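**Q** First the structure, which I've put down as structure tokens, then a few questions once you've had a look.
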């Protein structure tokens, strides 16, 4: 099966764990809320900070700001600033972030398949 071959290739032995694609991916999305924020930005396509914080009501202002900065630094989201008064900032997925969506779908599908008390 082709998928099994791809999985085996991805999990092949390398001289060091830090040189694996797995390690790189985890380094981009590890953290308590990174996947949650990526999911929320994807669902809304374009969203402002306050709307995002309301949608994800479990994340503090400071934490959300920090997560957004990290995701922007890693080129998973884009931040667009409008020069107007009052200031307006919108967030959306970057091209690299869009390419991560199949991974989010796979996580969702796995969760739906294994969720307890459905």
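The values are calculated or read from the model by the stated rules, or taken from the named source; none is laboratory data. This one's a predicted model, so the numbers in the text were calculated from it and none came from an experiment. Cβ: placed from backbone, ideal geometry, glycine included. Neighbour counts: every protein chain shown.
**Q** I'd like to verify a number: residues in the stretch 81-100 that are over 13 Å from residue 38 (Cα atoms) and in contact (Cβ under 8 Å) with a residue 24 or more places away in the chain, how many?
**A** Adding up the residues that qualify gives 3.
**Q** Any residue that is within 18 Å of residue 31 (Cα to Cα), under 13 Å from the mean Cα position of the chain (by Cα) and either assigned to a loop (DSSP other than H, G, I, E, B) or modelled with pLDDT under 95 (or both) - is there at least one of those in the stretch 75-88?
**A** yes
**Q** Scan the stretch 26-61 for residues that are more than 14 Å from the chain's Cα centre (by Cα), surrounded by 15 or more Cβ atoms within 10 Å (Cβ to Cβ) and in contact (Cβ under 8 Å) with a residue 40 or more places away in the chain and jot them down.
**A** 47, 49
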